[in-house]
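What follows draws every value from the coordinates through simple rules; no lab data is involved. Just so we're clear, the structure is a prediction, and the values are computed from it rather than from any experiment. FYI the Cβ positions are ideal-geometry reconstructions off the backbone, even for glycines, and counts take in every protein chain you see.
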Amino acid sequence: MSEDIIIQAAQWLATEKSPPSPVIPTLQRKFGLDLKQACAAAREAGLIRARAL
């Protein structure tokens, strides 16, 4: 379950035209993530964007 929400958050962040600032607190609020999960989602979003190039 927690892996699914991390991937969902990462996909959302990766597809945002203007990513929110600050990113981590936004992910925590929007998806109910803890700090470690929000960081993992941000990292995964970066990988998703890199693979899209």
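For the reader, a short list of remarks on this structure follows.
- With helices as the sole contributors, the chain gives -24000 deg cm²/dmol at 222 nm; each DSSP H run of n ≥ 4 counts as -39500 (n - 2.57), and the sum is divided by every residue.
- The Kirkwood hydrodynamic radius of the chain, based on inverse pair distances between different Cα atoms, is 10.7 Å.
- Ordering of 36-42, 26-32, 14-20 by packing is 36-42, 26-32, 14-20, highest average first (other Cβ atoms within 10 Å, averaged per residue).
- HN-Hα J in Hz across the stretch 7-17 - Karplus 6.51, -1.76, 1.60, θ = phi - 60°, x for Gly and Pro: 5, 4, 5, 5, 5, 4, 5, 5, 9, 6, 5
- Debye, to nearest 20: dipole size of the chain, +1 on Lys, Arg Cβ, -1 on Asp, Glu Cβ: 200 debye
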